[in-house]
1. Counting only residues 5 or more places away or on other chains, whose amide H sits under 5 Å from the amide H of Leu108 once H atoms are built in the peptide plane?
2. At 222 nm, what helix-only mean residue ellipticity would the chain give, in deg cm²/dmol to the nearest 500, using -39500 (n - 2.57) for each DSSP H run of four or more?
3. Check the cysteines of the chain one by one and keep only those with no other cysteine Cβ under 4.7 Å from their own.
4. Calculate one ³J(HN,Hα) per residue across the range 27-33 by plugging θ = phi - 60° into the Karplus curve 6.51 cos²θ - 1.76 cosθ + 1.60, and present them in order as whole Hz with x for glycine and proline.
5. Rounding to the nearest 20 debye, state how big the charge dipole of the range 9-98 is about its Cα centre with +1 on each Lys and Arg Cβ and -1 on each Asp and Glu Cβ.
6. Putting +1 on Lys and Arg Cβ atoms and -1 on Asp and Glu Cβ atoms, find which of Leu108, His56, Phe119 reaches farthest to the positive end of the dipole of the chain.
7. Between Ile9 and residues 5 or more places away or on another chain, which pairs have amide H atoms under 5 Å apart, with H built 1.01 Å from N, and which residues are they?
8. Would you give the gap between the C-alpha center of the range 78-121 and the C-alpha center of the range 2-27, rounded to a whole Å?
Amino acid sequence: MDLNSRHLILHVGTNDINSLLVPEIVASYNDLISVVRDNSVCDIVVSAVLPRPIDHDKNGEKVKDLNKKLKTLCIDRQCKFVKTFKPFLHAGEPRRELYAVRDGGLHLNWEGCRRLRQFFINCVAHLS
């Protein structure tokens, strides 16, 4: 991680969404923000957790709640929260065409990665 950058985007996957409670995940984000702040003066941007087709029925509401709490954390910690999930949802459901077929929608496919990358590029452009 380049802590000498002007901006730092924290984008974390949802691998632990099944085993951790929302407050535990938020606490981990808070700790991560503290580590960055202790070692850098960069602006911190927290990227929303993306929905996943593979477990959206089970964890969709949890991810939605987590993103709301992350937004609140960002306000409290004076970070920017970006709603990266927006391009990956349509009518409240994950856009399956942006996720890998072979793993059931666990990871983004090439097009999903391209869109996420473009989202981050636009985000940083607006921050500068």
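1. The list, which skips near neighbours in sequence, is Ala100.
2. About -15500 deg cm²/dmol.
3. Cys42, Cys113, Cys123
4. Those phi angles translate into 4, 5, 4, 4, 4, 5, 4 Hz.
5. In total the dipole reaches around 320 debye.
6. Phe119
7. Residues meeting the amide H criterion: Val45.
8. Value for the Cα centre distance between the two parts: 16 Å.
Just so you know, all these numbers are worked out from the coordinates, no wet-lab data involved. Since we're looking at a predicted model, the values are computed, not measured. Heads up, the Cβs are rebuilt from the backbone with ideal geometry, glycines too, and the neighbour counts pull from every protein chain shown.
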